[in-house]
Every structure is written in C-alpha cells, then in structure tokens.
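Visitor: This is the structure I have questions about; it appears just below.
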Amino acid sequence: MPVELETERLLLRAPVADDAAEMLDLFGNAEVMRPVGSEAGGIELATDHVTRWLARWSANDMGPFVLVRKTDGRRLGRVGPLVWDTRSWEPANLADAGGFAQVELGWVLAQEHWGQGYATEAARTVREWLYAERNVERLISLIAPDNPRSAHVAERLGAVPTETIVAEDTNLVIWVHPR
C-alpha cells in the first residue's frame, strides 16, 4: 500500500509518473536545481528525476515524497530520504551499502513556494516517519555551504552542523538531525 502522510497544509505521497509534467516549474529553474546537483531542464529531466524517485521507493521501501498542497492540489516539490554509501559518498540502496548506508533527509521546492514554511513542515513529518516506521537510527542532511536557505530549514528542524565531506565533487556540510 502506498505511503501517504499529512500535515496541516500538505499531503505527502509517493511519486507517480504524472508528477514530472506537473513539476516543470521546479525542474526548469536553475537556481532550484543547482543545490541538488542538477542542471535545469524540461520534461525529459523531470521524467528522469521522477523515475529515480520511484526506483528509490522500490529499492529501499522509502524515497522522496511529493508535496501536494491540500487547498488546490498543486505539487510544490519533494521531501524525503536518499541513501548514501559513506565509502564513496555516492547514492546507493540499503542492500548494496549495507553497514555503510547513511540516510539523508533532503528537500527541494519550486522557487515560488520558498519562505512559506512548507519544507520545514514536510521535512519534520517525514523525519518522524523515518524514525518511527523505517527504523532509521541516524538521519542527516547534506547541505552546501553556499545554500543558506536549506541550512535555515535544517536549523529550524533542530539539526546540528558537524563535518564537511565531498560528495559528487561538491563540499557538503553534514547536519545531524535529532531523534
């Protein structure tokens, strides 16, 4: 049964193929895509991302949730886990990474929805779900030093910055979330 979570303003659900076409304002914006390590693009890029989200759900029984605003059904972005293999700091699945698996909680919203608290609201709910329903022991967020907006979300969630690592040729600060 597909996982759905709710907040006061949002429905958080697993992605479906149709999400790609409905989220072009997110995927087409270079300022939004840069911090997540991607170029901006059109429907092909959006379809590729949604396909990867679906694969993460299939491999790990968890993955990015699509944020759907309750008042109008608008898809605002995604919030959810990504598994990293800490030996290489490359995305992986839980089975392949084994004891080197590290779950990251990440978020990205279309720019027009920034500053309205949606990322914090959704990330808090997903974090609670990861701890309670997926038995995640340690949860981090990887945030580039030049991404103060995401750092601010992490701070509001009570996460604490620790060390800096290099992942996918980018310096990233590890923010550790409270349980």
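The values are calculated or read from the model by the stated rules, or taken from the named source; none is laboratory data. Computed from a predicted model, the values in this text were never measured in an experiment. Using ideal geometry, Cβ is built from the backbone for each residue, glycine included, and neighbour counts are taken over all protein chains shown. Surface areas here come from the heavy atoms of the whole protein model, side chains and all, with no ligands, DNA or RNA. Shrake-Rupley method; radii C 1.70, N 1.55, O 1.52, S 1.80 Å.
Visitor: In a Gaussian network model over the chain where Cα atoms closer than 10 Å are linked, find which of Val153, Val79, Val16 has the largest mean-square fluctuation.
Guide: Val16
Visitor: Further, regarding this structure: Just the number please: accessible area per residue for the range 25-88, 1.4 Å probe, all protein chains included, in Å². Mind showing how you got there, number by number?
Guide: Values: 2880 Å² over 64 residues.
It amounts to 45 Å² per residue over the range 25-88.
Visitor: Just want the answer: with Cβ charges of +1 for Lys and Arg and -1 for Asp and Glu, which residue in Gly63, Gly80, Val126 is farthest toward the dipole's positive end in the chain?
Guide: Val126
Visitor: Sticking with this one: Take the Cα radius of gyration of the chain and divide it by 2.2 N^0.38 Å, with N its residue count; two decimals is plenty. Spell out each step's value before the answer.
Guide: On the way: Rg = 15.0 Å, N = 179, 2.2 N^0.38 = 15.8 Å.
This ratio for the chain stands at 0.95.
Visitor: Please turn the phi angles of the range 118-133 into ³J(HN,Hα) values with the Karplus equation 6.51 cos²θ - 1.76 cosθ + 1.60 (θ = phi - 60°), one per residue in order, whole Hz, x for glycine and proline.
Guide: Using θ = phi - 60°, the values come out as 5, 4, 5, 4, 6, 5, 4, 5, 5, 4, 4, 5, 4, 5, 7, 9 Hz.
Visitor: Once the convex hull of the C-alpha atoms of the range 1-54 is built, how many Å³ does it hold per residue, rounded to a whole number? Walk me through the numbers before you get to the answer.
Guide: On the way: hull volume 5.3 nm³, N = 54.
Dividing the Cα hull volume of the range 1-54 by its residues yields 97 Å³.
Visitor: Identify which of Thr125, Thr47, Thr71 has the largest mean-square fluctuation in a Gaussian network model of the chain, with springs joining Cα atoms closer than 10 Å.
Guide: Thr71
Visitor: If you don't mind, another one. Share of the chain's accessible area from carbon and sulfur, percent, 1.4 Å?
Guide: Looking at the chain in its full context, I get 49 percent from C and S.
Visitor: Take Thr86, project a point 7 Å from its Cα along the Cβ direction, then tell me which residues of the range 119-150 have their backbone nitrogen under 13 Å from it.
Guide: What the label zone holds, given the 13 Å backbone N cut-off, is 137-141.
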